[in-house]
1. Probe radius 1.4 Å, ligands and nucleic acids left out: which of TYR243, TYR28, TYR263 has the largest accessible area, and how do the rest follow?
2. How much length is gained if the chain between HIS63 and ALA174 is pulled fully straight, taking 0.36 nm per residue apart and subtracting their Cα-Cα distance, in nm to one decimal?
3. Is it possible to state the helix-based mean residue ellipticity at 222 nm for the chain, with each DSSP H run of 4+ residues giving -39500 (n - 2.57), the sum divided by total residues, to the nearest 500 deg cm²/dmol? What is it?
4. Averaging over every viewing direction, what projected area does the convex hull of the Cα atoms of the chain cover, in nm²?
5. Length gain on complete extension for the stretch GLU149 to ASP227, per 0.36 nm per residue less the alpha carbon to alpha carbon distance?
6. Can you pull out the chymotrypsin sites (Phe, Trp or Tyr not before Pro) in the range 81-132 that DSSP calls coil and that have at most 15 other Cβ atoms within 10 Å?
7. Charges only on Cβ, +1 for Lys and Arg, -1 for Asp and Glu: so what's the dipole of the chain about the Cα centre, in debye to the nearest 20?
8. Round to a whole angstrom and tell me the spacing of the C-alpha centers of the range 142-167 and the range 179-199.
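The values are calculated or read from the model by the stated rules, or taken from the named source; none is laboratory data. Note that the structure is a prediction, hence the values are computed from the model and not measured. No Cβ is skipped: glycine too gets one built from the backbone with ideal geometry, and neighbour counts run over all protein chains shown. Only protein heavy atoms, including side chains, enter the accessible area calculation; ligands, DNA and RNA are left aside. Shrake-Rupley method; radii C 1.70, N 1.55, O 1.52, S 1.80 Å.
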Amino acid sequence: MVETSSPVLIGQLTDTHVVADADTDEHYVDNNARLAAAIASIAVEAPGLDAVLMTGDLTDTSHPDAFATLTELLGSIDVPVLALPGNHDTREATRRALPDAGWIDAEHLSWVNEIRGVRLIGLDSTRPGYHGAEFDDERAVFLDATLAEPHGGTTLLAMHHPPFATGIDWMDEAGFVGLDRFTEVLAAHPGAVDKIVCGHLHRSITAVVAGVPAQVGISTVQHVALDLAPDSEPSLVLDPVGYQIHRIVGGRGVERVVTHTRYIETRAASFVPDWAGDYDPTQPS
């Protein structure tokens, strides 16, 4: 069992959709400024984060100028940044912009990393040329072999597409080719993954996949509106944006991974309530 002297804190940015221009009419918000605000917030987290995980749709169109802006913005983060492509990012442009990401020797852009005893598996879920996801034979071999490796600590599995239907039909209809194969690989390694973290939906969603808790992170740009009506039409909402912090205490078990959401647009500082001095949580309320 791997134990850490203090909790491991993994930040998760997702669906940042960095653009090559500042056309806020087309994008409804300033995507690049939103990411800059999130990075500024990450810089003052106390305690500081151990790493930042980016779960896809790094850019909006995979334009080289957008990736140049992305790498410039990420340059101010002084902890490891671990990134995955999304359906808006081509593999070629992502690999070219982030050559030191530790990609495995394969066509898909997956990787394995370890941060203070926490194993992070980045699984490229993209299906080139499509909005939806894919888990093919090559990725099944990769994930199966990785999960078969003994590991005494906590494991997070990161991917762009949620490996479950959300009920928001217009997003779900893009599909997930090979989803049954994905759940079979997870089921073949019970307890090997403590939590799945992903993006793509631009809003917080939780589920359980093959017995593993799964969490969708919030975007730093606009969100997908919550519309669970059958055959829903595309709709967006300008909800508060931010990022997640996964707090991991050493050892194993889902109870050791707790996810918090940091909103960056509240425009209000936290404050101490009047009753704080009298508060004693050990006494009856």
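1. Order by accessible area, largest first: TYR28, TYR263, TYR243.
2. Extra length available between HIS63 and ALA174 comes to 37.7 nm.
3. Values: 7 runs with 60 residues, N = 285.
The helix contribution divided over the chain gives -6000 deg cm²/dmol.
4. 17.0
5. Numbers: separation 78, 0.36 × 78 = 28.08 nm, distance 4.06 nm.
Result for the pair: 24.0 nm of gain on full extension.
6. TYR130
7. Working: 16 positive and 42 negative charges, 184 e Å.
The dipole of the chain has a size of about 880 debye.
8. About 5 Å separates the Cα centre of the range 142-167 from the one of the range 179-199.
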